[in-house]
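Trainee: Dropping a structure here in structure tokens format, bear with me for questions.
The values are calculated or read from the model by the stated rules, or taken from the named source; none is laboratory data. Bear in mind that the values here come from a model prediction, so they are computed numbers and not experimental data. Here Cβ is always computed from backbone atoms with ideal geometry, including for glycine, and neighbour counts include all displayed protein chains. The protein model used for the area step is the full one, side chains on, heavy atoms only, and it has no ligands, DNA or RNA in it. Shrake-Rupley method; radii C 1.70, N 1.55, O 1.52, S 1.80 Å.
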Amino acid sequence: MTEGRSERHRRPHLRPDMPDLLGDPDPADRTAAAHATAAAVLQAARSEPGTAPRLLDLADRVGLDEMAELWRGSGSDTLPGTLWSLYLLRSWVHRNGAEAARVFAVGERVAEVSTAVAGVAH
């Protein structure tokens, strides 16, 4: 090995004339945003009476596709993952309620299901 500064490793740096390259967001930032938006929705729904129905109406009229897409990658045991599952289930029931009822009835015969789900008519 020869001595001298030219042999040492240096950190790379972007030159000012290089174009900005956009990449995927940092997964940690995406996870933090998913948790923050899920917590904000839950807090808003709990904050005062009447807010939860307005949020559901907003989901029906406008959709929450951007937030749901953000929540989709979260684990099923997390708040955003749970909200995504509920949003997906609610969307399916609204789009094809008869099929959802048929699948539920078939599953009810082979697996024990709680018969009381808040806000869901049997």
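Trainee: Among the candidates Arg90, Arg109, which residue alone is modelled with pLDDT under 90, of a type in the set (D, E, K, R) and under 17 Å from Leu42 (Cβ atoms)?
Mentor: After applying the criteria, what remains is Arg90.
Trainee: Next question, about the same structure. I'm checking my understanding of the structure. Among residues of the stretch 56-77 that are loosely packed, with under 11 Cβ neighbours inside 10 Å and charged (D, E, K, R), which one is nearest to the chain's Cα centre (by Cα)?
Mentor: Glu66
Trainee: Just to be sure I understand the filter: pairs with C-beta atoms under 6 Å, separated by 6 or more residues or on different chains, first member in the stretch 60-78 and of a type in the set (S, T, N, Q), second member open to solvent by less than 100 Å² (accessible area, probe 1.4 Å) and in a helix (DSSP H, G or I). Which pairs pass?
Mentor: Pairs found: Ser74/Ala34; Ser74/Pro80; Ser74/Gly81.
Trainee: For the stretch 83-107, what are the residues that are open to solvent by 60 Å² or more (accessible area, probe 1.4 Å) and either of a type in the set (Phe, Trp, Tyr) or under 8 Å from the mean Cα position of the chain (by Cα) (or both)?
Mentor: Result: Trp84, Trp92, Phe104.
Trainee: Right, here's the next one. Would the stretch 32-46 turn up any residue that is among the polar types (S, T, N, Q), surrounded by 11 or more Cβ atoms within 10 Å (Cβ to Cβ) and at pLDDT below 90? Spell out the reasoning first.
Mentor: Going residue by residue through the stretch 32-46, those that are among the polar types (S, T, N, Q) are 37, 43.
Adding the requirement that they be surrounded by 11 or more Cβ atoms within 10 Å (Cβ to Cβ) leaves 37.
Then drop every residue that is not at pLDDT below 90, which leaves none.
For the stretch 32-46, residues among the polar types (S, T, N, Q), surrounded by 11 or more Cβ atoms within 10 Å (Cβ to Cβ) and at pLDDT below 90: absent.
Trainee: Here's a follow-up. Looking at (1) under 10 Å from the mean Cα position of the chain (by Cα); (2) in a loop (DSSP other than H, G, I, E, B), find the lone condition where Pro80 falls short.
Mentor: For Pro80, the exception is condition (2).
Trainee: Shifting gears a bit: Mind checking which pairs have a first residue in the stretch 36-58 that is touching a residue at least 12 places away in the same chain (Cβ under 8 Å) and a second that is surrounded by 13 or more Cβ atoms within 10 Å (Cβ to Cβ), Cβ under 6 Å, 6 or more apart or different chains?
Mentor: Within 6 Å, the pairs are Thr37/Met67; Ala38/Leu79; Ala38/Pro80; Ala38/Leu83; Leu55/Ala45.
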